[in-house]
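Some notes on the structure that comes next.
Readers should treat all values here as calculations from the given coordinates under stated rules, not as data from a laboratory. Please read all numbers here as calculations on a predicted model, not as lab measurements. Methodologically, a virtual Cβ is constructed for each residue, glycine included, from the backbone with ideal geometry; neighbour enumeration extends over all protein chains shown.
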Amino acid sequence: MSNAPNFIFEANEKPSLPLHSVPLVVATDEAVEGYGCLVENPDKFDIEIVKWPAQGWRAVDDGTGDEGGFVEGIFHGTWDGDILMGRNEAVNGNYVLGWSCDPQSASTGQATVPRTQVLLWHMNYHPDGGQLFYPLDNKPFVVPVALPGDDLTLDKIIAFWCDGSKGLYIHPNIWHEGIFPTQDYQRFLDRQGRVHARISCNIGEEFGVYLSVPLER
């Protein structure tokens, strides 16, 4: 039986749940330390690739196990009414990222409430490599994150508000979700490990809440 999350669905397939407010932190060099770093020039920035782990006491040969490299493409963040959609060309992924209101009343086509928040149902991390999100439209964006560890708890989750002048790079194993645009539609350069291992947490199912991630400072 597959444990892969279903990322494409109708919003009203998800239940109404209480909300957990996520602190919004302005992304500065100091604030993002430990999570990653801010990136001015993506053309001169290399992401980290994690060496394949040894299966026993014999070590992986030097110069091997980290040769998969990276993939890159455009990540599209699009608001469809009250529904936030993501499309990642780098890994051929399509996602319902969240909603601006209760999923039972969220509408497509036209926004029914101001887009001041994203109600987030899922987070994940990549153990094989880091990930760079670089804004191509120079508009503010938000990325929810948490430090590594499979014992994720709600109090560990914050969200970085980025002003759109720089990209955000996150280290391997950092919990995150796709980029949240503050406009109707925004594009980002996405660069990440080619292996694309993904460890998921269904926030709604595990904690019985949605994360309320602010989009405005």
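If only the Cβ of Lys and Arg carry +1 and only the Cβ of Asp and Glu carry -1, the dipole of the chain around its Cα centre is close to 240 debye. Once you put a point 7 Å from the Cα of E205 and another 7 Å from the Cα of V113, both along the Cβ direction, what distance in nm separates them? Spacing of the two 7 Å Cα→Cβ label points: 2.4 nm. Computed 3J(HN,Hα) for region 175-192, one whole-Hz value per residue from the Karplus formula 6.51 cos²θ - 1.76 cosθ + 1.60 where θ = phi - 60°, is 4, 6, 9, x, 6, 9, x, 8, 10, 4, 8, 9, 10, 9, 6, 10, 10, 7, glycine and proline marked x. Sparsely packed loop sites in region 57-106 (the GluC sites (Glu not before Pro) outside DSSP H, G, I, E and B with at most 16 other Cβ atoms within 10 Å) comprise E67, E89.
If you take all other residues with their beta carbon under 14 Å from the beta carbon of V26, and give Lys and Arg +1 and Asp and Glu -1, the sum is -3.
Taking the charge dipole of the chain about its Cα centre, with +1 at Lys and Arg Cβ atoms and -1 at Asp and Glu Cβ atoms, the residue from Q55, Y185, G69 reaching farthest to the positive side is Y185. Contact order, relative form, for the chain: 31 percent (alpha carbon pairs under 8 Å, 6 or more residues apart, mean separation divided by residue count).
A simple count of charges around V71, restricted to other residues whose Cβ falls under 12 Å of its Cβ and scoring Lys, Arg +1 and Asp, Glu -1, yields -2. Quick one: Debye curve from the alpha-carbon atoms of region 94-217 only, equal weights, vacuum; give me log10 I(q)/I(0) at q = 0.09, 0.20 Å⁻¹ to two decimals. Per q value, in the given order, log10 I(q)/I(0) is -0.25, -1.24. Amide H to amide H, with H built 1.01 Å from N, I174 comes under 5 Å of H126, counting only residues 5 or more places away or on other chains. What the phi angles of region 157-174 give under the Karplus curve with 6.51, -1.76 and 1.60, with θ = phi - 60°, is a coupling list of 8, 10, 9, 8, 9, 10, 7, x, 8, 9, x, 10, 9, 10, 5, x, 6, 7 Hz, glycine and proline written as x. For I158, I47, I179, the sequence from fewest to most other C-beta atoms within 10 Å is I158, I47, I179.
In terms of Cα atoms, the Rg and Dmax of region 140-204 work out to 12.7, 34 Å. Only DSSP H runs of four or more residues enter the estimate; each adds -39500 (n - 2.57), and after division by the residues of the chain the mean residue ellipticity at 222 nm equals -500 deg cm²/dmol.
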